[in-house]
Amino acid sequence: MGQGVRVLVVEDDLHVRRDLADVLEEEGYLVDVASHGLEALERARRALPDVVLLDLSLPVMDGWAFRRELLGLEGGERPRIILVTADLHTSEKASRLGASAYVQKPFDVDELLATVSAVTRAA
Amino acid sequence: MAEPRPAAADSEREPSSGGPSHRTRVLGILALAGLPLLLLAAVSLSQGVADVEAQIAEERVDLARAAALATAAFVDGNLATLRGLALTRSFTDPAAHADVARLLDRIRAEDPNWDVLGFADREGWNVAITGLPPRTVHIAHLGFFQQVQATGRPVVSPAFTGRVRGIPLIALAVPVELASGERGVLSGSLSLERLQDELQQIVGDHGIQVVVLDSEGQVFIHPDPAVAGALTSLRGRADAEAALAGETGSRRTVEVDGTDTLVAYAPVPKMGWGVLVQQPAAAAFDVARQQVAAALTLFALAAAVAGWLSWHLGGRLSLLYQRQLDARARAEVVARELRVVSAENEGHRRFLEELIASAPVAIAITRGPEHRFVTANPRYRELKPGSEMLGKTLVEVFPEAERQGTVERWDRVYATGEQLSTLDYPFAVDTDSGEVVRYLNFVLSRHEDADGRPEGLLIVAMETTAAVLARQRAEREKDDFLSMASHDLKSPLTSLGLAAQMIDRMLGRGAVDRPRLERHVATIREQVARASLLIGDLLDVSRMETGQLERRREPVDLVKLARAAVQRQRDALPDDATHEIVETAEEPLVVEGDEARLDQVLTNLLSNAVKYSPDGGRIDVRLGRDDGQATIEVADHGVGVPEAERDRLFAPFSRTTAAVRSGVEGTGLGLYITRRIVEEHGGTIGFTETPGGGATFLVRLPLGRGEVEHPEVGEAA
């Protein structure tokens, strides 16, 4: 299903990060993980992902800063962003971030996978 | 002269009854007995004369002072009338000028003080003047006109002789600020007959003269109309110069005709004028002189009645003194009444001006349909710092009012008279540093003339910017809190939900991966613990915010509490931990408070110290007293707090980057709760860096009552 698609999961909660990676890998995605914005930026520099699952409240470098830095990279506008957050006003924040979709925490795994799949197909 | 007769008769009767030798002896005895008495009486009488003369001179000074006050009050009062008139629409609105002549005629008819009243335009042509057709008199060459035009302030002219009646007059002139921006001059010449009558009433008759001089030394009030009419100058005369120099006193002056005159002088307040109260000295001191002369004769005639005579003289002297006192009292009453009556208008106006100037709200008054400011108090002027408002229109002062619809609103109130009031109305003010939005509660209402025609607007405004901004900030903080609370509560739920779904998927595939299953179960346990911790903290915060936190007041020994908390913390350390918790205390240390809550403070600080020292190290817990307060210091050598984040350290949901990066779990509420508990106990909490790195928290709490006075008494730990 997700064969060959690179997904970068940026999530500070260890359990969520690990479980998301497991699920996505089971679906055939190539998964990379990062616990904060700066780490995510390093991953993206090494291999530009197709999709980024991004939370906003992150230590060290938050989601907003990461997005700005990403756009500064060569080809940095290509990765689709899916906002995954427990914050309020998610849809508004998603459009400000220029995200393709958003998923609210706590989320249903199937719904999340469907969103990733839809965004990937559109890409 | 009739009184000594019996004594004289007695002494004459003596020889007929006792022979010449007897009479001589009696006369000798009388002379011997009377001589010293006579000398004594003469000395005491001359002393009495000097006293009486000084007394009279002093009374005259009082009269001069009273007359000067009455003169000032007279001018002030009439000036206030003109100033009041000058503010009315009849004068300020050029459209109303057709009626001005009639108005001036009416005032002139009602108030005989006014000799002529006139209103001149900017060019000096009289728009209206009593007794003459309009635009027939040109006054641009007159000093008072030029002075008012130049300064915009009221002017009192020196005295001059009126052309019509040949009597001395003084002119008062005040500016009229026309709605057109031009300045006219409203002036009136005052005839001084009434003032002269009043002054004469103050000094009484007895031949006392009142003379008033203007600042140039010209006499314009004098009992002799010829002297006043000629505006005789008294420049150079010592008493006149002294009065004009602002001095008060009396002196003996020899007049041109040789008359020795007693002159009392006083300055007229604010006017630069002077008042002289004068009388030939002979007349002034006549009463006393007559009495003394009579007394000496009587003494010479009969020393035997000296005692009776001096009693009589004392009576006459006190009568004389009484008469002077009466004159002074009368003068004071008249002067006071004059001052009260004439100051009433002026007083009202000043009271209103002071009220407006010191009011804690912004007040402005405009005139005319283009809203020209005639009054703006300091608070109002703060709305546009550095701008000159008076005489300018709304749009001139606030060009930004046009694009914000303010002008239409003001126009509407002016046109309809309907009051407009707003709450927290945002008004963008252009300043040198850009646009600044200020919030105002204001009431805009129309003021009208006696016939109900609109005159202008009254604006009373209260700036609410600070309150509005504070409210917005509080709302934002509440929003941030909710946002963070929602985020932090959903995080463990996300993990929990995910773990459950992972297990579900595993079961669905029918292949149970045991290590993974165990991992998910561990996650569930951890996240439930995390969620309940967070919910507990949130409940504490919520109780604090609503003031529901139960609070006891009982003596609590901090040392005992700290030792127990340290022990608990030591017990909880994992076996491999390298932390060393060291407690030092000056005991006992008793404060008044809630033991459970104070324990929470100690436990929070201690567990933070352990949590944020991931590499172990020494943790110092020091208890002591300083400046009547109990101090608790908890110092670690851990990750510390970056300088930029120290401000937010005690705020809700604040977690330092160092704390997050070190991977330590936390709700971000611990220090906030700690601070709130300390503050509720009347204490403070602060942060400093531990020498060599790490965090030091210092809590100060007020000592219990017994503790402060008797440090040796208390519960031993």
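All of the numbers you see were taken from the coordinates with simple rules; none came from a lab. Just so we're clear, the structure is a prediction, and the values are computed from it rather than from any experiment. Glycine gets a Cβ as well: all are built from the backbone with ideal geometry, and neighbour counts include every protein chain shown.
Below 12 angstrom from the Cβ of B:Leu623, what's the summed charge of the other residues (Lys, Arg +1; Asp, Glu -1)?
Once positives and negatives cancel, what remains is -2.
State to the nearest 20 debye the size of the charge dipole of chain A about its Cα centre, where the only charges are +1 on K and R beta carbons and -1 on D and E beta carbons.
Dipole magnitude for chain A comes out near 500 debye.
Give the shape of the stretch B:474-606 as rounded, prolate or oblate, defined through the alpha-carbon gyration tensor: a ≥ b ≥ c are the square roots of its eigenvalues, a/c under 1.5 means rounded, and otherwise the shape is prolate if a/b is larger than b/c and oblate if not.
Oblate is the answer for the stretch B:474-606, as a/c is 1.5 or above yet b/c matches or exceeds a/b.
Taking R0 as 25 Å, what FRET efficiency do you get between B:Glu477 and A:Asp62 from their Cβ-Cβ distance, rounded to the nearest 0.05?
0.80
Note down the relative contact order for the stretch B:358-418 as a percent, whole number, built from C-alpha pairs under 8 angstrom at least six residues apart.
25
Show me the ranking of peptides B:180-190, B:104-114 by mean Cβ neighbours inside 10 Å, starting with the highest.
B:180-190, B:104-114
So, counting K/R as plus one and D/E as minus one, what does the shell of residues with Cβ under 10 Å around B:Ala364 add up to?
Around B:Ala364, the charge tally is +2.
Have a look at B:Pro614, B:Val634, B:Gln567 and report the one farthest towards the positive end of the charge dipole of the stretch B:546-643, computed about the Cα centre with Cβ charges (Lys/Arg +1, Asp/Glu -1).
Checking the options against the dipole of the stretch B:546-643, the answer is B:Gln567.
Counting only C-alpha contacts under 8 Å and six or more residues apart, can you give the relative contact order of the stretch A:33-123 as a whole percent?
26
So for each of B:95-101, A:7-13 I average, over its residues, the number of other beta carbons within 10 Å; can you give me the resulting order with the highest mean first?
Highest to lowest by the protection proxy: A:7-13, B:95-101.
Arranged from highest to lowest average of other beta-carbon atoms within 10 Å per residue, in what order do the peptides B:405-413, B:603-611 appear?
The most tightly packed comes first, giving B:603-611, B:405-413.
Shielding of A:99-108 by partners, i.e. mean partner chain Cβ atoms within 10 Å per residue?
Mean partner-chain Cβ count within 10 Å for A:99-108: 3.
Take the cross-link list A:Lys105/B:Lys478; B:Lys490/B:Lys611; B:Lys270/B:Lys384; B:Lys270/B:Lys392; A:Lys93/B:Lys490 and give me the ones stretching past 27 Å between alpha-carbons.
B:Lys270/B:Lys384; B:Lys270/B:Lys392
Count the net charge of all other residues whose Cβ sits under 12 Å from the Cβ of A:Asp62, scoring Lys and Arg as +1 and Asp and Glu as -1.
Surrounding charge for A:Asp62 is -1.
Return B:Glu247, A:Glu77, B:Glu583 ranked ascending by Cβ neighbour count within 10 Å, so the fewest neighbours appear first.
By the 10 Å Cβ count, ascending: A:Glu77, B:Glu247, B:Glu583.
Pull up all non-local amide H partners of B:Thr690: gap of 5 or more, or a different chain, and H-to-H distance under 5 Å with H placed in the peptide plane.
Amide H to amide H, under 5 Å and 5 or more residues apart or across chains, B:Thr690 pairs with B:Ala695, B:Thr696.
Full extension from B:Thr584 to B:Arg453: what is 0.36 nm times the residue separation minus their Cα-Cα distance, to one decimal in nm?
That pair, B:Thr584 and B:Arg453, stretches by 38.8 nm at full extension.
With an 8 Å cut-off on Cα pairs and a minimum separation of 6 or more residues, tell me the relative contact order of the stretch B:400-504 in percent.
So the answer I get is 19 percent.
Note down the nm distance, to one decimal, between modelled labels 7 Å out along Cα→Cβ at B:Glu396 and at B:Thr684.
Spacing of the two 7 Å Cα→Cβ label points: 5.3 nm.
When you look at the Cβ of every residue in B:491-503, what mean number of other chain Cβ atoms sits within 10 Å?
If you average over the peptide's residues, the count of other-chain Cβ atoms is 6.
For the pair B:Glu554/B:Arg618, report the inter-label distance in nm, with labels modelled 7 Å from Cα in the Cβ direction.
3.7
Mind checking the mean number of beta-carbon atoms from other chains within 10 Å of the Cβ atoms in A:8-17?
4
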